[in-house]
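Taking it in order: structure first as structure tokens, then the write-up.
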């Protein structure tokens, strides 16, 4: 019951009865009581409120308490704002960086109940693998254990490094799933399950989100640098202060050509600049640019080309630039490079002998050779070791046992192999063909060696009991690798061991592979194969010709384009467009294809398109075709055989046998 000056409120069961002072005895207004969640919270509050209203002293105390609380909050807020205003603002660039990403922060994938209950997975196996992809690894496990394990097509190229001794197959599968964040799916019938490893939608989306967030942070960092440098150009005093506070970024405004390029960039609004950095780019004719942009482009070219001591240099004039094409876009050397804005100026040849033209480019901001990018955003914490402490007192020795294979380099798999064997630890790692070779070492402390691997290879190592897990911090930036077919790889190795090197036709075959296979990291370790990356577009045009058409193209008269079918003609037209050959379809039909080979064995091929006026247009494809001698071939064959034999999956023998 609640009392007030006007009467009383009776609460009984599901009803609320309001009795006023002037009502007749027994008369009351009945109000149904709602069983809402707030009822249990409001009921004691109503009781306290009515009690304070009956007591004037309690009423005054309530008002005083509320007023005091408001005053104290206002004082605290004013002090906080004053502290922020008094804090000095650094002139250094503060990148708009997201939270650093660590690969082991994510929740481990759930293990299906079928894997936990399948008795076949109790079988203990030994897995020693450092150069098998998942397709070959799972095939070997199936051959040894009878359990069918497969990977989704897009995961077949993953190359785990695994060194597990006498471990249940169930634990091996669990470790692979936990390292990569992939899930196992059980298919088929009970007691004869087939297990497929796949990447679920959530994990794929997470990979894209992390990559996009880091990319957005890089773009915003570049925009912040542009704003900061633009303020430094407002006065000489501001420029001097900028030189003292940002000595590295100062180089990008001290150079005359770069300063003019910055001014050209500043003529665009922030949204347009963001579009340039986000690979939209701008391609326009010089004659179509506004006058202020034309002036900036001329100043950039003359400031850059006039740096030298050449007394014959004549500054470019506006009338010489009318037919020039100006490209302003983002440029990046690789996935990990900080963003640049690059300007490319192409002036067509003005003379019959092909001279009088010019191609010029420069980039902003400036970076020294080998210097880490001043705008590079840390996409993940530096390589580190997390989890439990590593065993103390363990020393590791890593020797260089190769001479020819992998150019004699010590790879991360070799070091992890030594750690697993000499420290008696289980080791699992991903591997994206990072091209950093590691040095040999003797009696190196385990904790120091693991820390060096993490720093040089950008790994995070998680230590749990007797297991080391290495995960590449920037795995989300790497496209899942796709290997060329195993039959082709074996053909290439057989050619190298028999003849000492690949043929030029082999290089053309490599260049004609799909893009995701052409840029497979493993080509770095196949002698001469990396050269195929230099001419993929022209090589694909050459390879589209069958043997009859190619033989005709190799004659002095050449091959008429009119003899090609529709698909071949379309490829020639695309190639001509990329090469800047401006011919109508009717004009292309009058052209002739000529192929010129030289060297014994062939080490150079020139693909020429002879125009109707007799002008040849094309590009040479040249490769170094050094051959290994007999001793080198024998050594390479022995080292590769030993490498393949070391990669094995075998059943663990029961104890006592």
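Read-outs throughout are calculated quantities, based only on the coordinates presented, and are distinct from any laboratory measurement. Fair warning: this is a prediction, and the values are worked out from it, not measured in the lab. Positions of Cβ are backbone-derived with ideal geometry, glycine not excepted, and every protein chain shown enters the neighbour counts.
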Requested in this report: Give the distance, in whole Å, between the Cα centre of the stretch 105-122 and the Cα centre of the stretch 131-173.
Outcome: 15
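Return the FRET efficiency for the residue pair residue 185, residue 213: r is the Cβ-Cβ distance, R0 is 35 Å, and the value is rounded to the nearest 0.05. Don't skip to the end; give the middle numbers.
On the way: r = 29 Å, r/R0 = 0.82.
With R0 = 35 Å, the Cβ-Cβ based efficiency is 0.75.
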Report summary line: One finds, for residue 563 and residue 505 with R0 = 22 angstrom and r their Cβ-Cβ distance, a FRET efficiency to the nearest 0.05 of 0.50
Report task. Sort 167, 448 so that the residue with the fewest other Cβ atoms within 10 Å of its own Cβ comes first and the one with the most comes last. Result -> 448, 167
Requested in this report: Subtract the Cα-Cα distance of residue 323 and residue 584 from 0.36 nm times their separation in residues, and report this length gain in nm to one decimal.
Outcome: 91.9 nm
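Over the stretch 384-477, what is the relative contact order in percent, taking alpha-carbon pairs closer than 8 angstrom and at least six residues apart?
On the way: 143 pairs, mean separation 38.3, N = 94.
Contact order relative to length: 41 percent.
Run the numbers for residue 312 and residue 466: contour at 0.36 nm per residue of separation, minus the present Cα-Cα distance, in nm. Spell out each step's value before the answer.
On the way: separation 154, 0.36 × 154 = 55.44 nm, distance 7.09 nm.
So the extension gain works out to 48.4 nm.
State the Kirkwood hydrodynamic radius of the stretch 205-364 in Å, one decimal place, computed from all pairs of distinct Cα atoms. Walk me through the intermediate numbers first.
Details: mean 1/r = 0.0581 Å⁻¹.
After inverting the pairwise mean of 1/r, the radius is 17.2 Å.
Give the calculated FRET efficiency between residue 70 and residue 288 to the nearest 0.05, with a Förster radius of 56 Å applied to their Cβ-Cβ distance. All intermediate terms of the calculation are to be shown ahead of the outcome.
Values: r = 63 Å, r/R0 = 1.12.
It comes out at approximately 0.35.
Provide the packing ranking of 150-161, 564-575, i.e. peptides ordered by the mean count of other C-beta atoms within 10 Å per residue, highest first.
150-161, 564-575
Using Stokes-Einstein with the Kirkwood hydrodynamic radius over Cα pairs, what translational diffusion coefficient do you get for the stretch 486-622 at 25 °C and a viscosity of 0.890 mPa s, in µm²/s rounded to a whole number?
Numbers: Rh = 15.9 Å.
Taking Rh from Cα pairs, D becomes 154 µm²/s.
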**Report entry** Fraction of alpha-carbon pairs over 20 Å apart in the stretch 90-247 - percent
**Finding:** 62
Query raised in the report: Does a label point 7 Å from the Cα of residue 537, set along Cα-to-beta-carbon, have any residues of the stretch 563-578 with amide nitrogen under 16 Å, and which are they?
Result: 570-578
Query raised in the report: Cα centroids of the stretch 593-657 and the stretch 231-288: how far apart, whole angstrom?
Result: 45
